[in-house]
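One structure below.
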Amino acid sequence: MMSDVMDWDAAYRGHIFAGPPPWNIGKPQPAIADLIAAGRVQDPVLDVGCGIGDLSIALAEAGHTVTGIDISTAAINQATEKAGDRDLTARFIQGDATDLAALGLGEPQFNTVIDCTLFHSLPLDARDDYLRSIHAAANPGARLYLLVFTTDALPADSPCPVPNLVTDAEVRDAVAAHWTVDTIEPSHVAVRLPDIPNLPEHDFHTDEEGLTHLPALLLTAHK
């Protein structure tokens, strides 16, 4: 499980991937950016597993009210510094997303919850607590957008830590225990592949910015 193989602070300090984590692309994931552009994100927003804050900062720059949560102190420190440098009011909290009540976020207060690649990074036995936790923090009618790697996104023999990849049915059943699932659509996660030895060959699309598109699912649900 990811909790056994990934030191998140080490990853954000550049010690796991010989540089920044592959998911740090300097902007929101394209699938999430499309939701924002389409007006499908309503305030207040919870960016759960926010990392260094690329999505939260983009939302704040667009005028949204956003709270970012991450388990990594290193990531939250970077996000807070970036927001401060840009004089933005995004709020960042270091803590465990499986227990938002412990962070003072246990009551309904968010109209949009965005999980951009956190779900597949959780230990399998933490998924239900996590989904229950974010559901409790969501207002009635709130939307959940969840972007998650599929089982063909990464090879098992990758030299990088491999997260808990999901099938369509697996993520649907997990989320449906607490939320009403509306849609699950094929999508992708854009990453900047690390320059490390023994990286497996792949035939995924790489765009003009040098970002490789790994297979994913975009799930939409509501409370």
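Listed values, structure above:
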{"quantity": "Selection count, the stretch 83-130, where residues are part of a loop (DSSP other than H, G, I, E, B), β-branched (Val, Ile, Thr) and either surrounded by 19 or more Cβ atoms within 10 Å (Cβ to Cβ) or modelled with pLDDT of 95 or more (or both)", "calculated": "1"}
{"quantity": "Matching residues, the stretch 131-181, being of a type in the set (S, T, N, Q), touching a His at 6+ places or on another chain (Cβ under 7 Å) and in a loop (DSSP other than H, G, I, E, B)", "calculated": "ASN164"}
{"quantity": "Complete set of residues in the stretch 84-96 that are touching a helix residue (DSSP H, G or I) at 6+ places or on another chain (Cβ under 6 Å) and not β-branched (Val, Ile, Thr)", "calculated": "LEU88, ALA90, PHE92, GLN94, GLY95"}
{"quantity": "The stretch 85-115: number of residues that are farther than 14 Å from ALA136 by Cα and small (Gly, Ala, Ser)", "calculated": "2"}
{"quantity": "Qualifying residue in the stretch 209-216 (condition: in contact with a Ser or Thr (Cβ under 7 Å, 6 or more places away or on another chain), under 24 Å from PRO28 (Cβ atoms), modelled with pLDDT of 95 or more and not in a loop (DSSP other than H, G, I, E, B))", "calculated": "yes"}
{"quantity": "Looking only at the stretch 50-82, and only at residues there that are under 23 Å from ARG132 (Cα atoms) and open to solvent by 50 Å² or more (accessible area, probe 1.4 Å), the one that is modelled with the highest pLDDT", "calculated": "THR65"}
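The values are calculated or read from the model by the stated rules, or taken from the named source; none is laboratory data. Source: prediction; values computed, not measured. When we count neighbours, we look across all protein chains shown, and the Cβ atoms used for this are built from the backbone with ideal geometry, even at glycine. Please note that ligands, DNA and RNA were not included when accessible areas were found on the heavy atoms of the full protein model with its side chains. Shrake-Rupley method; radii C 1.70, N 1.55, O 1.52, S 1.80 Å.
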